[in-house]
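Reading through the structure tokens given below for one structure.
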Amino acid sequence: MLREQLTTALKDAMRAKDTRAVATVRLILAALKDRDIAVREKGVMDGVGEDEVLAMLQTMIKQRQESIRLYEQGGRCELAEQEQEEIDVIRRFMPTPIEGDEMETAVKTTIKEIGASNLKDMGRTMAALKERYPGRMDFSKVSGIVRASLV
């Protein structure tokens, strides 16, 4: 479904002559194709799943956020704006993010469901959260919540 959204978005952006969206969607499709080729070696002919695509999109957003920070430090505001525009395009394909109290509730519910009780269970808890909420949480923030909940 997400692959179809990407190809449709590329066509729409080309019709609208939205160069930023065209370039960004092409980058996403190229990265997706690279991942599909990589998993073929492992015998998976259908390509990567939706959860892996969402994780890839989340990684792309993080990369651009880091670039924005560096561009702003270097006084290159026009490049930071371009990166922000790319983030906006990428976010079109992601589900609504889980934040704040909803994130804490999801973490606590997952901890109860898998029976996690101490910090040794942090890896298992994070894996369960990544499986249940792919692309919907900032897992760098989640790890702090998980750590505080398991102490």
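The values are calculated or read from the model by the stated rules, or taken from the named source; none is laboratory data. Since the model is a prediction, treat every value here as computed from it, not as a measurement. Cβ atoms come from the backbone with ideal geometry, glycine included; neighbour counts cover every protein chain shown. Just the protein is used for accessible areas: all its heavy atoms, side chains included, with ligands, DNA and RNA removed. Shrake-Rupley method; radii C 1.70, N 1.55, O 1.52, S 1.80 Å.
A Förster distance of 35 Å, applied to the separation of the beta-carbon atoms of Glu4 and Asn118, puts the FRET efficiency at 0.20. A simple charge model with +1 on the Cβ of Lys and Arg, -1 on the Cβ of Asp and Glu and nothing else charged puts the dipole of segment 1-135 at about 320 debye relative to its Cα centre.
Across segment 49-105, the volume of the C-alpha convex hull divided among the residues equals 91 Å³ per residue.
With a 1.4 Å probe and all protein chains in place, put Leu129, Leu79, Leu70 in order of accessible area, largest first. Each step should come with its number before you reach the end.
Working: Leu129 0, Leu79 40, Leu70 90 Å².
Putting Leu129, Leu79, Leu70 in descending order of accessible area: Leu70, Leu79, Leu129.
Taking a ≥ b ≥ c as the square roots of the eigenvalues of the alpha carbon gyration tensor, segment 1-90 is oblate, as a/c is not under 1.5 and a/b does not beat b/c. Distance between the pseudo-spin-label points of Asp46 and Leu27 (7 Å out from Cα toward the beta carbon): 3.0 nm. Across the chain, the longest run free of exposed loop sites, meaning trypsin sites (Lys or Arg not before Pro) lying outside DSSP classes H, G, I, E and B with no more than 13 other Cβ atoms within 10 Å, spans 93-151. Note on segment 1-47: the C-alpha convex hull projects to 3.1 nm² when averaged across all orientations. Loop-resident GluC sites (Glu not before Pro) (DSSP state other than H, G, I, E or B) in segment 11-61 with no more than 16 further Cβ atoms inside 10 Å of their Cβ: Glu41.
What part of the accessible area of the chain, given as a whole %, is carbon or sulfur when the probe is 1.4 angstrom?
Working: 4770 of 9410 Å².
Roughly 51 percent, rounded to a whole number.
In degrees, nearest 10, range 0 to 90: what is the angle between the Cα axis of helix 100-114 and the longest Cα principal axis of the chain? The helix 100-114 is inclined about 50 degrees to the chain.
How far is the Cα center of segment 70-119 from the Cα center of segment 20-45, in Å? Computed from Cα coordinates, the inter-centre distance equals 22 Å. The simple Förster model, with R0 at 25 Å and r as the Cβ-Cβ distance, assigns Val151 and Asp101 a FRET efficiency of 0.80.
Dimensions of the chain along the principal axes, based on C-alpha atoms and rounded to the nearest Å, stand at 53, 45, 25, largest first.
With N counted as the residues of segment 87-149, its alpha-carbon radius of gyration over 2.2 N^0.38 Å works out to 1.15.
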